[in-house]
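The values are calculated or read from the model by the stated rules, or taken from the named source; none is laboratory data. Only a predicted model underlies this, so the values are computations on that prediction, with no experimental measurement involved. Here the Cβ positions follow ideal geometry from the backbone for every residue, glycine too, while neighbour counts run over all protein chains shown. In case anyone asks, the SASA skips ligands and DNA or RNA and just uses the protein heavy atoms, side chains included. Shrake-Rupley method; radii C 1.70, N 1.55, O 1.52, S 1.80 Å.
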Amino acid sequence: MDPHAAGAPPPQDDKHLEDLVRQQLLALGEDPAREGLIRTPARVARSLRYLTSGYDQDLDALLNNAIFQAEGADEMVVVRNIEFYSQCEHHMLPFIGRAHVAYLPDGKIVGLSKIPRIVDMFARRLQVQERMTVQVANAIMDVLAPKGVGVILEARHYCMMMRGVQKQDSSTTTSCMLGRFKSDAKTRSEFLDLTSRRSSF
Ligand code: ZN
């Protein structure tokens with residue numbers, strides 16, 4: 001289902017990863033033996049492992065039976081402002097932002113806390129924002145078979161802010177609309193309305 005699953009990194013091989021970070025420090029003209037850097041390869045390896053832990057996650061295990069029958073639940077469910085932290089696959093620099101996720105149930109609903117977990121699962125990989133948006137939408141489509149799914153991601157890309165064009169204030173918005181969210185303008189605009197509204201609490 002996930003095109004990245006096959007290319008997932010091998011299980012824990014952190015000595016190798018630590019060596020690579022040490023090599024990287026050397027290539028940058030640093031001294032990996034100096035006090036401030038001595039434990040850096042281990043820290044970076046652990047950090048990278050965490051930041052890419054989404055590769056090892058399995059959607060079914062993550063949902064852990066939190067899918068419920070809910071006959072008659074046919075109103076839009078929206079979880080908005082889900083913060084996420086990912087890294088662009090082009091520069092391995094962070095892109096961080098917020099996700100807004102909605103679906104129109106068709107007899108099945110999912111525990112609300114699972115939606116941010118699905119977002120995290122796809123954020124904790126080397127990503128492009130466009131693909132991550134589609135992956136989140138497809139995952140919800142697959143597990144709930146709802147009448148429709150809408151996903152909007154807004155993010156700031158550090159590769160654009162710290163280097164390259166150095167645009168600190170620009171943000172990137174991507175969206176994926178499936179089913180009713182694609183075919184029905186009213187559903188889509190209800191979603192867009194709900195996501196742009198300021199929180200009242
Ligand atoms: Zn980038």
Just to confirm the filter: which GluC sites (Glu not before Pro) across the range 18-107 are DSSP coil and have at most 15 other Cβ within 10 angstrom of their Cβ? E30, E71, E75, E89
Show D60, D31 ordered by accessible area, largest first, where the area counts protein heavy atoms only and the probe is 1.4 Å. D60, D31
Only Cα pairs within less than 10 Å get springs; with that Gaussian network setup on the chain, which residue of V149, V110, V136 has the largest fluctuation? V110
Given the options N64, N138, N81, state which has the largest fluctuation in a GNM of the chain using a 10 Å cut-off (strictly under) for Cα springs. N64
Can you give me the C-alpha center-to-center distance between the range 128-173 and the range 33-93, rounded to a whole angstrom? 14
Counting only backbone N atoms under 14 Å from a point 7 Å out along Cα-to-Cβ of T173, the residues of the range 142-164 in range are 151-156
Sorted by accessible area (1.4 Å probe), largest first, how do V151, V143, V44 line up? V44, V143, V151
Two-site label geometry, E130 and R80: point separation in nm, points 7 Å out along Cα→Cβ: 2.6
With point charges of +1 on the Cβ of Lys and Arg and -1 on the Cβ of Asp and Glu, referenced to the Cα centre of the range 60-196, which listed residue (V77, A99, T195) lies farthest in the positive direction of the dipole? A99
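What is the mean projected area of the alpha carbon convex hull for the range 103-201, to one decimal in square nanometres?
Working: hull surface 31.1 nm².
Reported value for the Cα convex hull: 7.8 nm².
Within the range 92-201, list the trypsin sites (Lys or Arg not before Pro) lying in a DSSP loop whose Cβ has at most 14 other Cβ atoms in a 10 Å radius.
R163, K167, R197, R198
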Using a ≥ b ≥ c from the Cα gyration tensor of the chain (square roots of the eigenvalues), is it rounded, prolate or oblate, where a/c under 1.5 gives rounded and otherwise the larger of a/b and b/c decides, a/b for prolate? prolate
